[in-house]
Amino acid sequence: MKKHEKNLSLRIDPELLKKFRYVARYDDRSMNWYMTKLISACITKFEAKHGEIEFNEEDGALPTKCAKP
């Protein structure tokens, strides 16, 4: 794992996990790769609808806008 990457713990239904593993293997990808691509696609879709998510440059942690319009 690269130093800048973070871990994400996920609670998931066992049957859903089996199906997700099947989909990832079907495409000859790891579940981690697939999950990262799905999250990226979700964020891209969200930003297309709501605008780019911007963070405070001082602390880098808090979005400058996060409330629903």
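Tabulated data
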| read-out | value |
| --- | --- |
| Packing-based ranking, highest mean first, of 4-11, 45-52, 19-26 given that Cβ atoms within 10 Å are counted | 19-26, 45-52, 4-11 |
| In sequence order, calculated HN-Hα J values of the range 5-17 (Karplus, 6.51, -1.76, 1.60; Hz; x Gly/Pro) | 7, 10, 8, 9, 8, 9, 8, 8, 4, x, 5, 5, 4 |
| Virtual spin-label span in nm between Leu38 and Glu54, 7 Å along Cα→Cβ | 3.2 nm |
| Estimated FRET transfer efficiency when R0 is 35 angstrom, pair Asp28-Lys6 (beta carbons, to 0.05) | 0.85 |
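All of the numbers you see were taken from the coordinates with simple rules; none came from a lab. This is a predicted model, so every value here is computed, not measured. Every residue, glycine among them, receives a Cβ derived from its backbone with ideal geometry; neighbour counts consider all protein chains shown.
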